[in-house]
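The values are calculated or read from the model by the stated rules, or taken from the named source; none is laboratory data. Predicted model, so just to flag it, every value in this text is computed and none were measured. With ideal geometry, Cβ positions are generated from the backbone for all residues, glycine too; neighbour counts draw on all protein chains shown.
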Amino acid sequence: MSDDAPRFPGESAAYREARNALLEAELALRARVEEVAVQRRALPLGGEPPDYVFEERGEGGVLQQTRLSELFADGQDSLIVYSFMYGPKMERACPACTSLLDALDGQVAQITQRASMAVVARSPIDRILGWAEQRGWRNLRLLSSADNDYNRDYRAESPEGSQLPACNVFVRRDGQVCHFWSAELLYAELEGHPRHMDPMWPLWNFLDLTPEGRGDFFPQV
């Protein structure tokens, strides 16, 4: 690195040498992340999904049915759908999904300036909203997939009915909705946790900055 690289109070030459070596690795990682993002954006269109009907509470708390195609805001052609683990037989929602959504609730107003977004769970809508109230969520668009096959079709539910944390992106082209991307690391053969949502989840990225790392920590609610 150049002689004008950052220096901090009391650091040793050994520290600076190791930190500069790490910086080279971080630069390479950043470049690779950009390469993968370019490759992702170049994906061809996936299949056309059924126009699923979800339930949500609209203005004034009125129960309404909303189709997948209606989740695209005017002027936006990308839709992000996160499925969180809260099935009707679960006593409470998944703590990890809840942790992610705690953070997302504060970011969704910025995200939806560029792309539409919705959060789906298998429980009835009023049960989902009850959990949201406990967590203080105010901004997420919450939908129930209790009466459709969305979770099963888009890998948010196992054949046995267990809930899975899935993220899918849909796009609209000339009025037609198509599937675009899914966080498929969840289904890959990997040792340990697939970390398929890590890039979107502040918790793990901050813990990875510390000497202790993430370890075997698991968020509680």
Evaluation of GLU55 against (1) closer than 21 Å to LEU164 by Cβ; (2) part of a loop (DSSP other than H, G, I, E, B); (3) not hydrophobic (A, V, I, L, M, F, W, C) (one fails), failing number = (2)
Hey, does the stretch 11-22 have a residue that's surrounded by 11 or more Cβ atoms within 10 Å (Cβ to Cβ) and either assigned to a loop (DSSP other than H, G, I, E, B) or touching a Gly at 6+ places or on another chain (Cβ under 9 Å) (or both)?
-> yes
If the Cβ limit is 8 Å and pairs must be 6+ apart or interchain, which residue in the stretch 141-155 that is within 11 Å of TYR52 (Cβ to Cβ) and touching a residue at least 24 places away in the same chain (Cβ under 8 Å) pairs with which residue that is of a type in the set (Asp, Glu) and loosely packed, with under 15 Cβ neighbours inside 10 Å?
-> none
Within the stretch 37-48, can one find any residue that is within 19 Å of ASN151 (Cα to Cα) and touching a His at 6+ places or on another chain (Cβ under 6 Å)?
-> yes
Can GLU35 be described as modelled with pLDDT of 95 or more, under 21 Å from MET197 (Cα atoms) and out of contact with any helix residue (DSSP H, G or I) (no Cβ under 7 Å at 6 or more places or on another chain)?
-> yes
Just a yes or no: is a residue in the stretch 95-108 loosely packed, with under 10 Cβ neighbours inside 10 Å and not polar (S, T, N, Q)?
-> no
